[in-house]
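All of the numbers you see were taken from the coordinates with simple rules; none came from a lab. Everything numeric in this text was worked out from a predicted model, so none of it was measured. Positions of Cβ are backbone-derived with ideal geometry, glycine not excepted, and every protein chain shown enters the neighbour counts.
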Amino acid sequence: MLIPIIVMSTMGIVFGLGLAFASKIFKVELDPRIEKILSALPGANCGACGKAGCAGLAEAIAKGDASLTSCPPGGEETYSKIAEILGAEKTSVIRKAARVRCGGGNRAKDKYLYAGVRTCAAATLIAGGQKLCNFGCLGFGDCVKACPFDAIHMGEDGVPIVDPGKCTSCGKCIEACPKKILSLENNIDKYYIKCLSKDKTVFVKNACKVGCIGCKICEKLSNGAFVVEENLSRLDYSKVDGEAMLKLCAENCPTKCIVQL
């Protein structure tokens, strides 16, 4: 019994020394900034940055493969912390939030009675959904369920409402919406067209009470800030000359589809 014990003990010592030597030879030096950057990130692991969670983004930022403003949910406070860790210049970005580009909901007509699975993704599979307007919200709240920050809830009119204060512009709601009626917009831009329909006036009037009918009233009142293309009004904020003009356009819009946050 003594010989096997000695042999095994000797082998254990040799292998142990070998592993210790190998660990020193092949040791990978970790950048200490990665852990600090990770602690500065919100830890939501939402994937809005395009990386495999916050750890993946922290490593990419430390290596210089991602900018310090790559985390949409982080905001100015997070960017400032990361800039301090990296010894870089602080970067300011315009905060964005998701906006629902449809005001129809219960005010828009249905083309058939839908009795299937209560999700927008499922309803879309049947003739594009139950709404007569093919550009409209289906109202089953896939975007609400997808939001990891509780920034969206369904409103009384049957369309989702976004809380700009809670929205981190992660884009999860945009990915979840099969009708693509949500978009990320600058928070400082308060007015927008709450419609995406490109159908002709006669059809829109029949399908939805609050859809854009391409009447061009806003175009005439805005000196080029509003432009009607493909029966749909579009707002170019770079041409806006004061909010008074935007308010005037919103007040004169016959369907009230120009809205203010």
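Here is the list for the stretch 152-206: GluC sites (Glu not before Pro) lying in DSSP coil, each with at most 16 other C-beta atoms within 10 angstrom of its C-beta, are Glu156. For chymotrypsin sites (Phe, Trp or Tyr not before Pro), the sites in the stretch 56-133 that DSSP calls loop and that have at most 15 other Cβ atoms within 10 Å are Tyr112.
A cut-off of 5 Å between modelled amide H atoms, ignoring neighbours fewer than 5 places along the same chain, links Ile161 with His153, Met154, Gly155.
Using C-alpha pairs under 8 Å with a sequence gap of at least 6, the mean separation divided by the residue count of the chain gives a relative contact order of 15 percent.
Residues whose amide H comes within less than 5 Å of that of Ser233, counting only those at least five positions distant or on another chain, are Gly214 (H built at 1.01 Å from N in the peptide plane).
When the helices in the chain are scored as -39500 (n - 2.57) per DSSP H run of 4 or longer and the sum is shared across all residues, what 222 nm value do you end up with, to the nearest 500 deg cm²/dmol?
-10000 deg cm²/dmol
Computed from backbone phi with θ = phi - 60° and the Karplus coefficients 6.51, -1.76 and 1.60, the 3J(HN,Hα) list for the stretch 239-252 is 10, 6, 10, x, 6, 4, 5, 5, 4, 4, 5, 5, 5, 9 Hz; x is used for glycine and proline. Between the amide H of Asp110 and those of Leu132, distances stay under 5 Å, these residues lying 5 or more places away or on another chain, with hydrogens modeled in the peptide plane.
Among the listed pairs Lys111/Lys198; Lys216/Lys247; Lys63/Lys96; Lys96/Lys145; Lys81/Lys180, a Cα-Cα separation exceeding 23 Å is found for Lys63/Lys96; Lys81/Lys180. Aspartates and glutamates near Lys179 by alpha-carbon distance under 19 Å, same-chain residues fewer than 8 away left out - which ones? Once the sequence-local aspartates and glutamates are set aside, what remains near Lys179 is Asp110, Asp142, Asp157, Asp199, Glu230. Sorting Leu182, Leu113, Leu196 by the number of Cβ atoms found within 10 Å of their own Cβ, with the fewest placed first, yields Leu113, Leu196, Leu182. Shown in residue order for the stretch 54-64 are the 3J(HN,Hα) couplings computed by the Karplus curve 6.51 cos²θ - 1.76 cosθ + 1.60 at θ = phi - 60°: 5, 5, x, 5, 4, 5, 5, 5, 4, 7, x Hz (x for Gly and Pro). Between the entries [x] 22.6; [y] 37.1; [z] 13.4, the label attached to mean projected area of the Cα convex hull in nm² calculated for this structure is [x]. Qualifying GluC sites (Glu not before Pro) in the stretch 223-261, where qualification requires a DSSP coil assignment and no more than 15 other C-beta atoms within 10 Å, comprise Glu230.
The alpha carbon centroids of the stretch 245-261 and the stretch 90-125 are separated by 21 Å.
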